[in-house]
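S.K.: Okay, handing you the structure first.
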Amino acid sequence: MISLSKESLDNLPQEVKSPNYNRETIKQGFVHIGVGGFHRSHQAYYINNLLSDRENDEWGICGIGLRKDDQKIFESLTEQNGLYSLITRSPNGLIESEIIGSIINFIWAYKTPEKALKKLADVATKIVSLTITEGGYNFHSDTGEFDFSHPDVQHDLNKNNTPKTVFGFLTEASRRRMKAGLPSFTIMSCDNIQHNGDVARKMFLSFAEKQDLSVYKWMLENTVFPNSMVDRITPVTTDEDINYLIKTHTIIDKWPVTCEPFIQWVLEDEFSFGRPPFERVGVQLVDDVKPYEKMKLRLLNAGHSVLGIPGSLHGHPTIDACMEDPIFRKLMRHFMDFEATPTLDPVPGIDLSKYKDSLEERFGNNNIKDTVERICSESSAKLPKFLFETIAENLKQEQSVSIGAFIVACWFYYYHQGRNEKGESIIIIDQFSHRLKAKSSSPETFISNTSLFGALATNEKFLKTYLHWAKKLLAGERVRDLMSNLLKR
């Protein structure tokens, strides 16, 4: 058996590709906050390919973990010198494994905040990228404004305190760069939020303005926040993935990553302090990313929820199991064709029919086993952007909202019932799960949460459709039967 580390790279099986560059000489031009599975299957993969060029040695990654929960990833990557295995599983059964070496360093800022601040303020740091989830941007879902009420935000508003939040860390690092006469780093969101760069800009500048007006003005003039669209299905790592590497390649990896072969990154070409030649590794650099991100959020991300939420109630364990069910598959495509696609803008270079066909193939990849539990996690942060905006736009255009309203009804019942149709408990992962559960006594109480549902909470057409489906669920009608009836309408 081979424990993955820099010392063992030369002893890996020949069929496992490993870094062909000298990791000891790579500078850390990227700092990435929120190192999880997606970052390691996506951005770190692109940068690994870029470093393989051997002409771009200033663009290695230093990961930063801000939360107490980041201890496991810190310990795993530190023990393995930042190395990890990427297992790519194709729909045809082909499985390929390679070692990714682009994460050169990792700092657990929760324990060593000053070390993280020094790295962020270092002149070598040119881009700070983020995968902090939709909820990490700390805005009110109903107003879109920054939420200053969080205790950690209140703590960080005192600039003499050691930061706890991403806003506190990047504002303090910007203050240090300003005082040292250094250029600003780019703040590059890689999260699934429409206009993610614009959202990041608004949130970080809102915090900086409240904390220190001089830093706010400096960031306003110097810090760039490009929008981006990122895509690669990356399920949660399982023991099966770890055991696969041991059995197939004799590699012991504490935290490998599994992903699909499809990958896409569309990025606005705006940076504060230079950028790597992204175009060499397939990143699409564009003037306006908004049509691409809207397409992805309203088709792929919303499509996942259209499968996952009723799938959880029915008892399907994975997304590919949902896709094997013809009723689920047909409903998802019907949603994409008749409720999501009419709300999209023209997308340069994209054939939407072929894109939707590719999503069906990707969702149906039974080599991935993406769980409905993962897809349904943090839905209170996802659905307002993935689904509610689509519903609102269709209401404005007097178009159908039947499937969208049905999914919201299923989401209510998901909290109200807490069990699937097989009698099994539903595992709910959501930072607001207690609040949502408390409001799930009736469909009317659930939808009355205007801070979450916004204008949908009072829209008569939406409410009529939503309550129709919610009451049928409460009456004991089966999810799949309701889906069949919905498709007949």
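S.K.: Would you point out which residue out of 370, 325 is of a type in the set (D, E, K, R) and under 24 Å from residue 489 (Cβ atoms)? Reasoning before the result, please.
M.R.: Details: 370 fails: under 24 Å from residue 489 (Cβ atoms).
That would be 325, the only listed residue that is of a type in the set (D, E, K, R) and under 24 Å from residue 489 (Cβ atoms).
S.K.: Pairs, please: C-beta under 6 Å, at least 6 apart or cross-chain, first residue more than 16 Å from residue 98 (Cβ to Cβ) and in the stretch 9-29, second assigned to a loop (DSSP other than H, G, I, E, B) and of a type in the set (Lys, Arg)?
M.R.: 29/126
S.K.: Right, next: Any residue that is farther than 27 Å from residue 374 by Cβ, open to solvent by less than 60 Å² (accessible area, probe 1.4 Å) and touching a residue at least 12 places away in the same chain (Cβ under 8 Å) - is there at least one of those in the stretch 446-459?
M.R.: yes
S.K.: Now for a different question. Looking at (1) assigned to a helix (DSSP H, G or I); (2) more than 24 Å from the chain's Cα centre (by Cα), which is the only condition residue 81 fails?
M.R.: Condition (1) is where residue 81 drops out.
S.K.: So how many residues does the stretch 264-304 have that are closer than 15 Å to residue 362 by Cβ and crowded, with 18+ Cβ neighbours inside 10 Å?
M.R.: The total comes to 8.
S.K.: Moving to a separate point now. For the stretch 129-158, what are the residues that are crowded, with 20+ Cβ neighbours inside 10 Å and either farther than 15 Å from residue 199 by Cα or among the charged types (D, E, K, R) (or both)?
M.R.: Of everything in the stretch 129-158, those that are crowded, with 20+ Cβ neighbours inside 10 Å and either farther than 15 Å from residue 199 by Cα or among the charged types (D, E, K, R) (or both) turn out to be 134, 156.
S.K.: Under the condition of being modelled with pLDDT of 95 or more and part of a loop (DSSP other than H, G, I, E, B), which residue from the stretch 1-11 is farthest from residue 243 (Cα to Cα)?
M.R.: Only one residue tops the list, namely 5.
S.K.: Now, a different point. I need every pair where a residue in the stretch 92-121 that is in contact (Cβ under 8 Å) with a residue 12 or more places away in the chain and open to solvent by 10 Å² or more (accessible area, probe 1.4 Å) has its Cβ under 7 Å from the Cβ of a residue that is assigned to a loop (DSSP other than H, G, I, E, B) and basic (Lys, Arg), sequence separation at least 6 or different chains.
M.R.: These pairs meet every condition: 110/67.
S.K.: So the check is Cβ under 7 Å with 6+ separation or different chains; which pairs have a first residue in the stretch 280-293 that's closer than 15 Å to residue 188 by Cα and part of a loop (DSSP other than H, G, I, E, B) and a second one that's β-branched (Val, Ile, Thr) and open to solvent by less than 50 Å² (accessible area, probe 1.4 Å)?
M.R.: 289/266
S.K.: Further question on the same structure: Of everything in the stretch 194-221 that's part of a helix (DSSP H, G or I), more than 17 Å from residue 129 (Cβ to Cβ) and out of contact with any Ser or Thr (no Cβ under 9 Å at 6 or more places or on another chain), which residue is most open to solvent (accessible area, probe 1.4 Å)?
M.R.: Narrowing the stretch 194-221 to residues part of a helix (DSSP H, G or I): 196-211, 213-221.
From what is left, the residues that are more than 17 Å from residue 129 (Cβ to Cβ) are 202, 205-211, 213-218, 220-221.
Filter once more, so that each one left must be out of contact with any Ser or Thr (no Cβ under 9 Å at 6 or more places or on another chain): 202, 206, 209-210, 213-214, 217, 220.
Working: 202: 85, 206: 28, 209: 93, 210: 130, 213: 90, 214: 59, 217: 111, 220: 75 Å².
Applying the filter and picking the extreme gives 210.
S.K.: Right, another one. Need pairs with beta-carbon distance below 6 Å; first residue farther than 14 Å from residue 24 by Cα and within the stretch 49-75, second assigned to a helix (DSSP H, G or I) and among the hydroxyl-bearing types (Ser, Thr, Tyr); sequence gap 6+ or separate chains.
M.R.: Between residues of the stretch 49-75 that are farther than 14 Å from residue 24 by Cα and residues that are assigned to a helix (DSSP H, G or I) and among the hydroxyl-bearing types (Ser, Thr, Tyr), there is no close pair.
S.K.: Same structure again: Just for the stretch 338-362: of the residues that are among the charged types (D, E, K, R) and over 11 Å from residue 303 (Cβ atoms), which one is modelled with the lowest pLDDT? Can you show your working first?
M.R.: Taking the stretch 338-362 first, the residues among the charged types (D, E, K, R) are 339, 345, 351, 354, 356-357, 360-362.
In the following step, the residues that additionally are over 11 Å from residue 303 (Cβ atoms) were identified as 345, 351, 354, 357, 361.
Working: 345: 92, 351: 95, 354: 96, 357: 97, 361: 96.
Across the stretch 338-362, the extreme among qualifying residues is 345.
The values are calculated or read from the model by the stated rules, or taken from the named source; none is laboratory data. Note that the coordinates shown come from a computational prediction; the quantities given were computed from them, not determined experimentally. Don't worry about glycine lacking a Cβ; one is built from the backbone with ideal geometry, like all the others, and counts go over all protein chains shown. Side chains are part of the model used for accessible areas, which takes the heavy atoms of the whole protein and leaves out ligands, DNA and RNA. Shrake-Rupley method; radii C 1.70, N 1.55, O 1.52, S 1.80 Å.
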